[in-house]
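Report on one structure; see the data block that follows.
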Amino acid sequence: MQTVLWLIIVSFTLNSCMSHSLFTCEPVRVQWCHGMSYNRTFFPNMLDHYDQDIAATNMKHFMPLVNLRCSPDVHLFLCQAFVPECTEDTRVLHPCRELCERVMSDCSRDMHTFGISWPSELQCDGLESCHVSPAGSAVSPVEDVTTPRSSLSANRDLGFWCPLQLKTRPGQGGSFLGAQDCAPPCDNMYLKAHEVRFAKTFIGICSVVCLCATLFTFLTFLIDVKRFRYPERPIIFYAVCYSFVSFIYFVGFLLGNEAACIKSSVPGRSSTVVLGAQNRACSLLFMLLYFFSTAGMVWWVILTITWFLAAGPKWSCEAIEKKAVWFHTVAWGLPGALTVTLLALNKVEGDGISGVCFVGLYDLPALRWFVVAPLAVAVLAGLSLLLAGIVSLNHVRQVIQHDERNQEKLKKFMIRIGVFSGLYLLPLLTLLGCYLYEQARRGSWENTWINERCQEYGIPCSYSRTDADRPELLLFLMKYLMTLVVGISTVFWVSSKKTCTEWASFFSRSRKKDPISESRRVLQESCEFFLKHNSRVQHKSKHYKSTSHKLKVISKSMGTSTGVQTPVVSNHENTALSQNLSDRHRSSETSTRDRAESTPAERCSSSRISSRTESLRRIPVKDTLETGRSGTNSQSNLRVAVTSE
């Protein structure tokens with residue numbers, strides 16, 4: 001029986017210790033209470049002040065009553081109320097009811113004179129009665145802070161008390177761990193200084209790689225705009241979105257913490273991260289980053305929709321392109337509405353690791369509804385449409401199984417879709433897993449941080465002591481990497497031999513020649529060949545009809561006219577005409593060399609019509625020879641054509 005009773009007592013003692021606050025007695029630092037009979041105190045006090053600095057600030061308003069000595073007990077009463085006595089056995093002495101009534105009665109006139117209002121927490125009716133000592137004097141009630149029944153701290157949930165070092169200006173609307181007008185420290189709560197520096201460098205490198213990849217995709221599109229039509233056109237807009245995302249992360253890497261953190265102007269206070277729309281640079285980075293990251297996810301869903309429409313209902317490119325206005329409305333309108341909503345709710349938060357501003361870094365509900373929820377919806381919708389499109393393509397492949405050529409093309413197309421989708425979905429699913437893991441463990445990480453910093457900041461520690469739980473550096477690196485690596489997948493789609501050919505042609509210095517000059521050159525070479533052999537065939541001209549039909553065809557293709565008739569020219573005139581044409585030919589070659597030595601910008605002006613020159617070069621010489629036999633009338637028509645040129 002005694003053993004059972006002893007076990008019950010031990011169990012009760014352990015339970016009491018588990019519910020006891022980790023606070024202990026601390027030396028009195030308030031100067032107005034240094035002359036009291038005690039020198040140790042306990043916080044929080046009965047007015048919910050969690051440290052002596054705040055207690056001293058509020059006690060200052062009542063010091064005129066002490067200076068006037070309106071009551072002999074006013075000094076003792078104020079010190080017991082604001083800086084309560086704590087004994088060695090962790091017992092706290094609070095002022096009693098009778099003491100309060102005497103002070104109120106003696107000092108009521110002076111309080112009215114100085115406009116001092118009595119705190120509601122110090123109303124005499126709410127205090128306990130004084131105990132009478134054996135000597136007959138009133139003694140303040142004693143409170144044992146080690147027991148959960150009588151402990152003032154155990155009867156209410158203190159939660160997180162914002163330390164003075166992290167206080168922000170009132171009215172900004174920021175909150176941290178439920179404490180208003182409070183902000184997280186700029187130094188990361190979970191990582192060490194060298195880990196933060198490594199993470200910044202890692203994010204900067206990843207942002208540069210992603211920016212180069214997405215810009216390469218977009219510039220490839222600009223070289224040949226007609227190459228990327230629907231249903232693959234959304235890949236280009238998707239690349240544009242992630243080029244902005246990577247660029248913003250690179251800007252954050254260059255700025256450091258200039259935009260994400262605020263340096264305190266009050267001595268003794270720490271730098272804190274930006275909360276709310278109080279910093280223009282931070283708000284701008286947030287708007288661009290959240291808008292384009294969300295728009296990139298929406299364009300991914302639209303890409304799967306266009307693939308499904310092309311594979312399932314067999315929509316043509318033109319039919320899908322007619323819906324482009326709706327695609328753009330949703331892709332840009334939905335992210336814009338979410339961004340404006342977050343700005344209105346003041347949910348902007350600075351990131352001390354990447355140097356940018358985002359949402360949900362410290363606010364779990366905002367992370368859950370504005371980051372995790374859209375990401376999960378985009379993954380589920382895109383994956384469903386993608387699988388439906390692949391099933392439709394596989395059905396088409398079975399239908400055309402006897403057409404080996406088209407079947408092989410369709411197989412390659414399905415492989416490209418599968419690889420591209422895997423390169424996008426795998427990072428996105430990993431990012432979603434990181435967010436869900438963070439949702440589950442964030443509370444434990446914050447409690448560990450509070451327990452490690454409570455003594456330094458002078459705030460209440462956690463009642464329940466748990467094992468230290470901190471996130472690993474790998475989690476943060478994985479989250480930033482998966483955010484940026486999805487943009488690199490666009491390079492896979494444009495990586496082909498055709499892309500290499502287009503870029504080689506773009507950077508090549510030997511541009512195709514001007515089509516007008518090339519037309520003249522071809523015509524002149526044909527005429528010179530005709531005049532060279534004209535003297536040999538003049539005696540045979542009577543055997544041929546004097547028609548210039550084929551020369552007219554050539555002249556029309558060159559943009560000249562042969563409809564005007566002129567008199568027959570002599571051999572002397574033919575020689576002069578041949579010399580004139582030779583001079584024109586040398587002038588054309590000189591102008592061609594000048595264009596070859598011109599700047600790339602000047603040469604690019606004629607590249608749009610270079611394709612027409614190729615068709616002109618294919619004019620057969622045989623037709624020119626036959627035209628040369630057409631006699632004197634053909635010479636006249638030729639003279640008119642050259643003159644018109």
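The values are calculated or read from the model by the stated rules, or taken from the named source; none is laboratory data. What you are looking at is a predicted structure, and each value in this text was computed from that prediction instead of being measured. Every residue, glycine as well, gets a Cβ built from its backbone with ideal geometry; the counts of neighbours run over all protein chains shown. SASA here: full protein model, heavy atoms, side chains in, ligands and nucleic acids out. Shrake-Rupley method; radii C 1.70, N 1.55, O 1.52, S 1.80 Å.
Which residues' amide hydrogens lie under 5 Å from the amide hydrogen of Thr272, considering only partners 5 or more residues apart or on another chain, with H built in the peptide plane?
Long-range HN contacts for Thr272: Cys186, Ile262, Ser264.
Residue by residue through region 318-326, what is 3J(HN,Hα) from phi via Karplus (6.51 cos²θ - 1.76 cosθ + 1.60, θ = phi - 60°)? Round to whole Hz and write x for glycine and proline.
With the stated coefficients, region 318-326 comes to 5, 5, 5, 5, 5, 8, 4, 4, 5 Hz.
Mind giving me the FRET efficiency for Asp125 and Leu387? R0 is 60 Å, r the Cβ-Cβ distance, nearest 0.05 is fine. Mind dumping the intermediate values first?
Numbers: r = 71 Å, r/R0 = 1.18.
Once rounded, the FRET efficiency stands at 0.25.
Using a 7 Å offset from the Cα along the Cα-to-Cβ direction at both Lys226 and Glu321, what is the distance between the two label points in nm, to one decimal?
Placing both labels 7 Å along Cα→Cβ, they lie 1.0 nm apart.
Report the FRET efficiency, 1/(1 + (r/R0)^6), for Phe506 and Arg269, where r is their Cβ-Cβ distance and R0 is 45 Å, rounded to 0.05.
Efficiency at R0 = 45 Å is approximately 0.20.
Leu429 label point, 7 Å along Cα→Cβ, cut-off 15 Å on backbone N: hits in region 348-388?
Under 15 Å, as judged by backbone N against the label point of Leu429, lie 376-388 of region 348-388.
By how many nm would the segment from Val396 to Ser496 grow when fully extended, if each residue of separation counts as 0.36 nm and the alpha-carbon distance is taken off?
33.5 nm
Which residues' amide hydrogens lie under 5 Å from the amide hydrogen of Ala277, considering only partners 5 or more residues apart or on another chain, with H built in the peptide plane?
Val348
Please report, as a whole percent, how much of the solvent-accessible surface of region 48-122 comes from carbon and sulfur atoms (probe radius 1.4 Å).
The nonpolar share, carbon plus sulfur, comes to 48 percent.
Under the rule a/c < 1.5 gives rounded, and otherwise a/b versus b/c splits prolate from oblate, where does region 355-413 land using the Cα gyration tensor?
prolate
If I model a spin label as a point 7 Å beyond the Cα along the Cα-Cβ vector, how far apart are those points for Asp53 and Gln455 in nm?
Simple spin-label model gives 1.9 nm for this pair.
Quickly rank 486-495, 170-179 as a protection proxy: mean count of other C-beta atoms within 10 Å, highest first. List each step's numbers first, then the result.
Details: 486-495: 22.2, 170-179: 15.3.
My ranking of the peptides, most packed first, is 486-495, 170-179.
To the nearest 10 Å², what's Ile305's accessible area with a 1.4 Å probe?
60 Å²
Roughly what would the spin-label model give for Ala193 and Arg109, points 7 Å off Cα along C-beta, in nm?
Placing both labels 7 Å along Cα→Cβ, they lie 6.1 nm apart.
Residue-wise, which Karplus ³J(HN,Hα) couplings in Hz belong to region 380-392, taking 6.51 cos²θ - 1.76 cosθ + 1.60, θ = phi - 60°, and x for glycine or proline?
Residue by residue, region 380-392 yields 5, 5, x, 5, 5, 5, 5, 5, 5, x, 5, 4, 5 Hz.
For region 213-258, what's the radius of gyration and Dmax over Cα atoms, in angstrom?
According to the Cα coordinates of region 213-258, Rg and Dmax are 13.5, 43 Å.
Could you sort 371-380, 283-292 so that the peptide with the highest average Cβ count within 10 Å comes first and the rest follow in order?
Details: 371-380: 16.3, 283-292: 21.4.
Ranked by mean Cβ neighbours within 10 Å, highest first: 283-292, 371-380.
Identify the residues of region 209-231 with backbone N under 18 Å of a label point that sits 7 angstrom from the Cα of Lys314 along the Cα-to-Cβ direction, or state none.
It comes to 231, nothing else.
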